[in-house]
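Chemist: Submitted below is the structure of interest, expressed as structure tokens.
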Amino acid sequence: MLAMNLLLPYHFLRAGWATRHLHGDTLQDYQDRKVREIIRYAALHSPFYRELWKGRDLDDWRNLPTVDKAAMMAHFGTFNTRGITKEEAFSVALHAERSRDFAPTVRRDVTVGLSSGTSGHRGAFLVSSAETAAWAGTVLRRVLHRLPRPGYRVAFFLRSNSNLYERIGGRVRFRWFDLMTPILEAVSALNIYAPDLLVGPPSLLLSLAEMAKRGLLTIRPERLVSVAETLEDQDKTELESTFGVPVGQVYQCTEGFLAATCRAGRLHINEDLVTIQYEKLDEGTGQPGQRVSPIITDLWRRTQPIIRYRLGDILTLEDDTTPCPCGSRFQVIRAVEGRCDDVCAFPDASTGELRRFYPDTIRRMILLADERVTDYAAVQDAPGSLSIHLAIAGESDFAVVRASVLQSATDILGRYGCYAERLEIVAGLPHIPPGVKRRRVISLAGRSAQRQPVLPGRCSIK
Ligand SMILES: [Zn+2]
């Protein structure tokens, strides 16, 4: 608690200072110094990293071997620096999930959380109270943008609560809503609570927008923040027009608080918390944008050190380096496209070789086809095959919409010299159980082939 009381305000102020002062060489030196400290600590206290780095020059940290979630989970007990076993962590976390009481800690001050595991395997993460304070102070600074007025109310919808949210009160009031809460129940609670800031996954925010359009939800938040799922452009537009306020996002995962939208509407990486190396994904696909996959090193976390960690996400970066009106020079992310696992593959018509199609290309293939498409899901269960599930506007003729989506898919594949061996267009969306992360483009082929890539290249190896 002491750590929370002192460290949270410290990190709130530090985050403000960092935004204004860290850039160029100063930022490079700052990150380099913090990484070296973390590496020295991990080499002493994490048997996994010690073994992994045996015989390596630790000063040359940019070239140390990479790790990923599978490695972290496989070596859980030696990866963390407290010797906490996977069994111990899961037993505390699962108990908390079942009882929906998120107060227990594993050991004195270590909190455990579970990630829902978009790539199939569940992850457990460990944070100490000092790390929680660093996280919370920075999140508050970057998400609220300024010191809020007393009594400012934040409502957030997440799959699970964590005792850390309950402890970051003070002048801001927080209320956690379980994602499992039936929507009408959530609506009446929100109407009474009247949040100034509404935070949740876009799929949930869209359900609330629907309730607002029907006149059931009457809140007037000043801003919305999307978390946990990819925020697609059409959803952002829909939310902004329904609520009449800006929609920002927090790009965060169990591996850290990676980026947040500033008051000028740009998604800046928190370069004072993480340093990111970018791996260019294959060029020459002809699809627009330069895509990268991040390898992250967390500058603060010592309980479960995250060093040269492959995240498996696909990002496009903003190449405009003029300073942002918000005052931050931290790198801006143009789009978080999705998971590397969700890259789809189709055969080249002349060579038969598989070529990759990024989630964003699949997305545009469907959305640009017909304006009567209101929602969709695209599932690739084997290379060359695609099932497109469509929801369409009320009175529309499905056969007509189906024909235009089919035409668009064939055209776009053809533009890159590829074709589909099986292309199926289905009416209605697949059911997503509450609490499960929504992804509109899913490659089951990519997921099952995590160790044996369907396609050559880094991204599909994850
Ligand atoms: Zn900015």
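Chemist: Take Gly170 and tell me if it is modelled with pLDDT under 80 and either assigned to a strand (DSSP E or B) or open to solvent by less than 40 Å² (accessible area, probe 1.4 Å) (or both).
Modeler: Numbers: modelled with pLDDT under 80: yes; either assigned to a strand (DSSP E or B) or open to solvent by less than 40 Å² (accessible area, probe 1.4 Å) (or both): no.
So Gly170 fails the test.
Chemist: Any residue at all in the range 352-373 that is closer than 16 Å to Cys418 by Cα, of a type in the set (S, T, N, Q) and surrounded by 21 or more Cβ atoms within 10 Å (Cβ to Cβ)?
Modeler: yes
Chemist: Those residues that are open to solvent by 20 Å² or more (accessible area, probe 1.4 Å) and in a helix (DSSP H, G or I), I need them from the range 178-192; list them, please.
Modeler: First, the residues of the range 178-192 that are open to solvent by 20 Å² or more (accessible area, probe 1.4 Å): 178-185, 188-189, 191-192.
Within the range 178-192, Ile183, Leu184, Glu185, Ser188, Ala189, Asn191, Ile192 qualify.
Chemist: Sticking with this one: Pairs please, first residue from the range 317-335 and farther than 21 Å from Gln252 by Cα, second anywhere and basic (Lys, Arg) and away from the ligand (no atom under 11 Å from the Cβ), Cβ atoms under 9 Å, 6+ apart in sequence or on different chains.
Modeler: Taking only residues 6 or more apart or on different chains, the pairs are Asp319/Arg334; Gly327/Arg20.
Chemist: OK, next. Which residue, of Pro201, Pro195, is more than 25 Å from Leu368 (Cα to Cα) and in contact (Cβ under 8 Å) with a residue 40 or more places away in the chain?
Modeler: On the way: Pro201 fails: more than 25 Å from Leu368 (Cα to Cα).
After applying the criteria, what remains is Pro195.
Chemist: Which pairs do you get when a residue that is under 13 Å from Val172 (Cβ atoms) and assigned by TED's automatic domain parsing to the domain that holds Tyr309, found in the range 125-145, comes within reach of a residue that is open to solvent by less than 20 Å² (accessible area, probe 1.4 Å) and aromatic (Phe, Trp, Tyr), reach meaning Cβ atoms under 8 angstrom, with the pair 6+ apart or on two chains?
Modeler: Val139/Phe257; Leu144/Tyr152
Chemist: Now a separate question. Could you please find all residues in the range 249-266 being open to solvent by 10 Å² or more (accessible area, probe 1.4 Å) and either under 30 Å from Arg415 (Cα atoms) or within 16 Å of the ligand (Cβ to nearest atom) (or both)?
Modeler: Selection gives Gln249, Val250, Tyr251, Thr261, Cys262, Arg263, Ala264, Gly265, Arg266.
Chemist: Does Arg214 meet the test of being within 16 Å of the ligand (Cβ to nearest atom) and either without any contact (Cβ under 8 Å) to a residue 60 or more places away in the chain or open to solvent by 30 Å² or more (accessible area, probe 1.4 Å) (or both)? First the steps, then the outcome.
Modeler: Working: within 16 Å of the ligand (Cβ to nearest atom): no; either without any contact (Cβ under 8 Å) to a residue 60 or more places away in the chain or open to solvent by 30 Å² or more (accessible area, probe 1.4 Å) (or both): yes.
In short, no.
Chemist: Across the range 309-334, which residue is most open to solvent (accessible area, probe 1.4 Å) among those that are within 16 Å of the ligand (Cβ to nearest atom) and assigned to a strand (DSSP E or B)? It would help to see each step written out before you state the result.
Modeler: Taking the range 309-334 and keeping what is within 16 Å of the ligand (Cβ to nearest atom), we get 317-334.
Filter once more, so that each one left must be assigned to a strand (DSSP E or B): 317, 332-334.
Values: Leu317: 38, Val332: 14, Ile333: 7, Arg334: 122 Å².
Across the range 309-334, the extreme among qualifying residues is Arg334.
The values are calculated or read from the model by the stated rules, or taken from the named source; none is laboratory data. Not measured: the values here are computed from a predicted model. For neighbour counting, all protein chains shown are included, and Cβ atoms are generated from backbone atoms with ideal geometry for every residue, glycine included. The area values use the complete protein model at the heavy-atom level, side chains included, leaving out ligands, DNA and RNA. Shrake-Rupley method; radii C 1.70, N 1.55, O 1.52, S 1.80 Å.
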